[in-house]
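The values are calculated or read from the model by the stated rules, or taken from the named source; none is laboratory data. Keep in mind that this is a model prediction, so the values were computed, not measured. Here the Cβ positions follow ideal geometry from the backbone for every residue, glycine too, while neighbour counts run over all protein chains shown. Quick note on the areas: whole protein, heavy atoms, side chains included, nothing else; ligands and nucleic acids left out. Shrake-Rupley method; radii C 1.70, N 1.55, O 1.52, S 1.80 Å.
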Amino acid sequence: MRIRAYTPQDLAALTDLTIETFRPFYEDSFRPLVGEAVFANQHGDWRDDYRREVPGLHAPERHRYVAVAETGDGSGIAGYVAWSVTPGRRNGSISHLAVSPRHRRHHVGAALCEHAFARMRSLGAEVVEIGTGGDPFHAPARALYERLGCTALPTAVYYRRL
């Protein structure tokens, strides 16, 4: 596996990977949990939301970056990480981490996070923030972040149909 900087040619593959990665959360976890009304209001167009969001993840002029993990066997992209740095606060934030299902449990996510952490440090960040859900879908992400030395904060988000 090789980690490299994002190029515009990656956009379609990263968008597809993002949708593939998070489909089980939206369709199999979030939708049944909150019901149709809340789902439609909050994430009813989640695929199109990602189609609009992913193109803006890499914007170095706004201190936003993406790195891509390529497979060693030439079969394509194994995953990617997107992060930003707020130089004045010396703070970094990982906004997206997506790993192809066939490359999970092979340390791709950890390598991508460590790559982003190193780049953030080189840009002056002293602290990093990374978030995920508390539901079963996100359990592997929570375990990864804890293995990387991150500290979980207890938070709760509530939805209710009006």
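Filter segment 115-152 down to the residues that are hydroxyl-bearing (Ser, Thr, Tyr) and surrounded by 15 or more Cβ atoms within 10 Å (Cβ to Cβ) and list them by number.
Thr132, Tyr145
For residues that are under 20 Å from Val85 (Cβ atoms), of a type outside the set (D, E, K, R) and free of Cβ contacts under 8 Å to residues at least 12 places away in the same chain, tally how many sit in segment 23-67. If you could, list the steps in order and put the result at the bottom.
Filtering segment 23-67 down to residues under 20 Å from Val85 (Cβ atoms) leaves 53-67.
Retained after the next criterion (residues that are of a type outside the set (D, E, K, R)): 54-60, 63, 65-67.
Right, trim to free of Cβ contacts under 8 Å to residues at least 12 places away in the same chain and you get 56, 59-60.
Total meeting the criteria: 3.
Taking strands (runs of 3 or more DSSP E) that fall entirely within segment 1-95, which contain at least 3 residues that are open to solvent by less than 30 Å² (accessible area, probe 1.4 Å) and at pLDDT 95 or above? Let's see the steps before the verdict.
On the way: elements: 2-5, 64-70, 77-86.
Answer list for segment 1-95: 64-70, 77-86.
How about segment 96-114: which of its residues are of a type outside the set (Lys, Arg), surrounded by fewer than 18 Cβ atoms within 10 Å (Cβ to Cβ) and assigned to a helix (DSSP H, G or I)?
Passing the criteria: Pro101, Ala110, Glu114.
Which of (1) over 12 Å from the mean Cα position of the chain (by Cα); (2) over 16 Å from Gln9 (Cβ atoms); (3) of a type in the set (Val, Ile, Thr) does Ile94 not meet, given it meets every other one?
All conditions are met except number (1).
Counting just the residues of segment 96-139 that are of a type in the set (D, E, K, R) and farther than 27 Å from Gly74 by Cβ, which one comes out modelled with the lowest pLDDT? Give the steps one after another, and end with the answer.
Of all residues in segment 96-139, those of a type in the set (D, E, K, R) come to 102, 104-105, 114, 119, 121, 126, 129, 135.
So of that shortlist, the ones also farther than 27 Å from Gly74 by Cβ come out as 121, 126, 129, 135.
On the way: Arg121: 96, Glu126: 96, Glu129: 96, Asp135: 88.
Residue satisfying both the conditions and the ranking: Asp135.
Can you spot a residue in segment 146-159 that is within 14 Å of the chain's Cα centre (by Cα) and closer than 29 Å to Gly88 by Cβ?
Step one: filter segment 146-159 for residues within 14 Å of the chain's Cα centre (by Cα), giving none.
No, that holds for no residue.
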